[in-house]
Amino acid sequence: MAKTALTLRKTGGTFVIDGLESPSGTLRFNRGMRTGTVTADGHALPIAATGRLRTRVTAGEDAILCLDGQGAFVPGNGAPVEWRTSPPRRGRYHATLVRGSDLIDFSLARSAGKSVRISVSGHWDELELIALAGSFALLSRRRGDTYLKMAIAGIVAGHGPR
């Protein structure tokens, strides 16, 4: 089984992947990190995180990729896939895309800043697109959690002693 280690890193206002032979894909966020544009194989696609906790990610006008639990699908052979996320622990975000014995692990640590580690085993069609979308999911979710923490802190501070 083929194993590949990739890293998504920020360069200026754009995220790029290191570890592929000829990376050309990019990820750009719009304000608030809930939407953006992913470019893979010369095609720019809109990407969005939806749901209260930004747990569902879709790419493309007609959703050619969806990361959403057991309802996930990615380009390729049509075999069922599952998007598994875990609650953040100590500032660390983790998710796994599973298809049979093939999997892609995504890891985002507070200490890594805006860098996502991606561990790939098995063969995946359009790996660059999938890696960018999974990384988008973790980065967007972390931003949403940050906004939520700030809102809660503001509410608590606003109800202090008078």
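The values are calculated or read from the model by the stated rules, or taken from the named source; none is laboratory data. For clarity, every value in this text was computed on a predicted model and none was experimentally measured. As a convention, Cβ positions derive from the backbone with ideal geometry for all residues, glycine included, and neighbour counts pool all protein chains shown. Remember, those area values only see protein heavy atoms, side chains included, never the ligands or the DNA or RNA. Shrake-Rupley method; radii C 1.70, N 1.55, O 1.52, S 1.80 Å.
Taken together, 127, 65, 103, 132 contain a single residue that is in contact with a strand residue (DSSP E or B) (Cβ under 7 Å, 6 or more places away or on another chain), closer than 19 Å to residue 24 by Cβ and open to solvent by 30 Å² or more (accessible area, probe 1.4 Å), which is 127. Meeting the requirement of 1 or more residues that are aliphatic (A, V, I, L, M), over 13 Å from residue 134 (Cβ atoms) and touching a Pro at 6+ places or on another chain (Cβ under 8 Å), no strands (runs of 3 or more DSSP E) wholly within the stretch 19-110 can be named.
Taking the numbered list (1) free of Cβ contacts under 8 Å to residues at least 12 places away in the same chain; (2) in contact with a strand residue (DSSP E or B) (Cβ under 6 Å, 6 or more places away or on another chain) in turn, residue 116 passes all entries but (1). Residues of the stretch 19-43 that are touching a strand residue (DSSP E or B) at 6+ places or on another chain (Cβ under 9 Å) and open to solvent by 60 Å² or more (accessible area, probe 1.4 Å): 23, 24, 28, 30, 34. Of all residues in the stretch 14-33, exactly one satisfies the criterion of being among the small types (Gly, Ala, Ser) and in contact with a helix residue (DSSP H, G or I) (Cβ under 6 Å, 6 or more places away or on another chain), namely 25.
Among the residues making up the stretch 106-119, those that are buried (at least 21 other Cβ atoms within 10 Å of the Cβ) and either closer than 15 Å to residue 20 by Cβ or among the aliphatic types (A, V, I, L, M) (or both) are 108, 116, 118. Contact annotation: residue pairs with Cβ atoms under 6 Å, 6 or more positions apart or on different chains, pairing a residue in the stretch 80-94 that is free of Cβ contacts under 8 Å to residues at least 60 places away in the same chain and of a type outside the set (Lys, Arg) with a partner that is outside any strand (DSSP E or B) and open to solvent by 70 Å² or more (accessible area, probe 1.4 Å), are 82/70; 91/110. If you take the residues of the stretch 81-111 that are among the small types (Gly, Ala, Ser), modelled with pLDDT under 90 and within 15 Å of the chain's Cα centre (by Cα), which of them is farthest from residue 14 (Cα to Cα)? Taking the candidates together, the pick is 86.
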